[in-house]
Amino acid sequence: MSKYISIFLLFISSVCFGQNKQYLKLIETVSLDSLRKYEYKLASAEFSGRRVNTSTGLLSSNYISNCFKNNGLKAIYENGKSYSQNFLIDIKLQKISGTQNISSDFLAQNIIGILPGKNQKLGHLVITAHHDHMGIVDNEILYGADDNGSGISALIELSRILGTSFKNGIRPKRTIIFLSTDAEEKRLLGSDYYINNPVLPIKNVFCNVNFDMIGRIDSTHLVSKNLNNYIYCIFRDTTNQVLNDFYLNQLNNNYTQLILDERYENEAKSKVPYSLITRSDHYPFMKKGIPSIWLFSGFHNDYHQTTDTPDKICYPELKKRVQFVLALIWDLANK
Ligand SMILES: [Zn+2]
């Protein structure tokens, strides 16, 4: 080995090591206490199941706006004063989605905050999670702690960590858009609306990362403590350049050592045209051919029941999953 080659290798390994340290430092700041605090707020009686077009739904979207503001995210509506992308859902769509007796159009709100990257010419990331849930049904609150208090807690925690990083002058290359969607439970109307009314051109989206239900352990993984640290990754990338098995596994091995479970990924590939893949906010992005990934921890008996409460969230596992998505987002944002 020549002297020059060994110096070169030394340089490469120090770059990787330095980068490793930066990633590890960042993911160590994910806080279990913060996640628990957001969960208990989002899935509280005060927010009563966060149904679209209700006063408590509005309370929950105001709460997310305030978190984005405190975490230093940029607002773009009302001359930079509001995070709220308001839209009307018309009666016809509402009828399609199954609810009757609506007398007029109603209001929904996506909440959007931005962290501008160093290179505005590169494509941007859109991170999505839906904040709406089912509200009150038959006088009982459907709290929606896992669906999708868990995803919104992750989104807020990421905005806190990345917002702090930006404040300290450590910015990735790409712009990151935090998109908390409304009316997901009405057949993805919030993400659909965003696709047609984006903050930055849709053709410039580098990748969409979506969290929907990431706070529980499903029956497949409950059988053994060794299986608890897992996440289902369901993704599509027709270019194979941004998201692929090799990339996700390498990133996970380097930083988090979760089990990346491909069960639903394999099922989604085999069931055409309908599959689970159509059931959350990544889907409108996928339909546009944008590399997209859905992080998911699976179904459980409390799904869409009054028993989906914050005391049932598996906080250490949720924290680990947020650490994985933080590594993923930081890596994608610096590509
Ligand atoms: Zn959901």
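Bear in mind that the values in this text are calculations on the coordinates, not laboratory data. The structure displayed is predicted, hence computed values, not measured ones. Cβ atoms come from the backbone with ideal geometry, glycine included; neighbour counts cover every protein chain shown.
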Practice item. Specify the residue with the greatest mean-square fluctuation among Ser153, Ser292, Ser219, computed from a Gaussian network of the chain linking alpha-carbon atoms under 10 Å apart. Key: Ser219
Check your understanding: Fewest to most neighbouring Cβ within 10 Å: what's the order for Glu78, Glu184?
Key -> Glu78, Glu184
**Study point:** When the convex hull of its Cα atoms is projected in every direction, mean area for the range 108-266 (nm²)
**Key:** 11.7 nm²
Revision key, fill the gap. So the compactness index of the range 252-300, its C-alpha Rg divided by 2.2 N^0.38 Å, takes the value 1.28
Revision key, fill the gap. The exposure ranking of Ile176, Ile89, fewest beta-carbon neighbours within 10 Å first, is Ile89, Ile176
Check your understanding: So what is log10(I(q)/I(0)) for the chain at q = 0.07, 0.12 1/Å, when the Debye sum runs over its Cα atoms only?
Key -> -0.28, -0.81
Check your understanding: How large is the charge dipole for the chain, taken about the Cα centre, if only the Cβ atoms of Lys, Arg (+1) and Asp, Glu (-1) carry charge, to the nearest 20 debye?
Key -> 1460 debye
Check your understanding: Can you give the charge dipole size of the range 148-271 about its Cα centre, rounded to the nearest 20 debye, using +1 on the beta carbon of Lys and Arg and -1 on the beta carbon of Asp and Glu?
Key -> 420 debye
Exercise for review: Using the charge dipole of the range 31-333 (Lys, Arg: +1 at Cβ; Asp, Glu: -1 at Cβ; taken about the Cα centre), state which of Ile161, His131, Pro116 has its Cα farthest towards the positive end.
Suggested key: Pro116
Check your understanding: How do 159-171, 106-118 rank on mean C-beta neighbours within 10 Å, highest first?
Key -> 106-118, 159-171
Check your understanding: DSSP beta bridges in the chain, what fraction antiparallel, as a percent rounded to 5?
Key -> 50 percent
Check your understanding: Taking H as built 1.01 Å from N, whose amide H comes closer than 5 Å to the amide H of Ile76, not counting residues under 5 places away?
Key -> Ser82
Exercise for review: Take the chain, connect every pair of alpha-carbon atoms lying under 10 Å apart with a spring to form a Gaussian network, then pick out the residue of Ile156, Ile195, Ile27 with the largest mean-square fluctuation.
Suggested key: Ile195
Exercise for review: Return the single residue from Phe246, Phe324, Phe299 with maximal mean-square fluctuation; model: Gaussian network over the chain, springs between Cα atoms under 10 Å.
Suggested key: Phe246
Practice item. Apply the membrane-span-like helix rule to the chain: whole DSSP H runs, Cα extent along the own long axis of at least 27 Å, mean Kyte-Doolittle hydropathy at least 0.5. List the helices found. Key: 3-28
